[in-house]
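First comes the structure, then the notes that go with it.
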Amino acid sequence: MRKIITIFLIIALIAIAGCQQKEDNTINVEGTSEITVEPDEAEVWVGVSFVKDTAEQAQSEANKVVDDIINSLKAEGFSEIETERLSLYEERQWDEGKSTIVGWRASQTIKVKTEDMTKVGKIVDIAVNNGANQINNINFQLSEEKEQEYKKQALAEATKNAKDKAETVADSLGVKLGKIKSASTAEYGFMPYRYAMAEVAVAKAGDEAANIMPGEVSVTAHISLVYNIG
């Protein structure tokens, strides 16, 4: 009886080992994709920064200019406007290792969003003409709706890229490609196009604004697939 049980145990172990060996016969591949698309949204950051004798004077001046900029933008039909990055601090000057207070600096940044790429230069013009003395960033990017649309496209292309690689490897090895054992996405993202304003005086920023053109946005995806092979 013991002999029969021992034989059955040996057969079972051989079967398990065979299954394990079969499961280990896999091909691991990675697929990538990169597509370039036209942006459908732009964000412009403009700012004000003033140094005055007192904190109240500095803040009052910054508030006045920011209000003028926002009111002028709204008058031209721009509605997606946010005020952020407010700061107020002592401005110090260092001379021979000594620090002296020269006044108070108040700074504010305004973010303006538009879906009309042709109006980015107009935003810069309005801001500068109403007292902005800083042009921080101009980003051409994707709206949430477009981002989801291109995400699907990029992942589909990355998956096809991985599948093509797996088929090539299987053909080279003379084996049959089986079903997918597992799939995982390592990363997905898009890189906005950042327009760099030339280092010119803010007074001349309006001249450059007329030449601001959107650039293409890069969308990338990466996926890992594991195929069983026969």
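Since every read-out is calculated from the coordinates, none of them should be taken as a lab result. The model shown is predicted, which means the values in this text are computed figures rather than measured ones.
Brief remarks on what is shown
- Across the cross-link table entries LYS119/LYS146; LYS113/LYS146; LYS74/LYS113; LYS111/LYS146; LYS122/LYS146, which are compared at the Cα atoms, the separations over 18 Å belong to LYS119/LYS146; LYS111/LYS146; LYS122/LYS146.
- Sequentially through the stretch 188-195, phi angles give Karplus couplings (6.51, -1.76, 1.60; θ = phi - 60°) of 8, x, 9, 10, x, 8, 9, 8 Hz, Gly and Pro residues having no value and appearing as x.
- Dimensions in Å of the stretch 22-167 - Rg and Dmax from alpha carbons: 24.1, 80
- Here's the list of lysines a cross-link from LYS179 could span, going by alpha-carbon distance under 25 Å and ignoring same-chain residues fewer than 8 apart: LYS22, LYS151, LYS152, LYS160, LYS163, LYS165.
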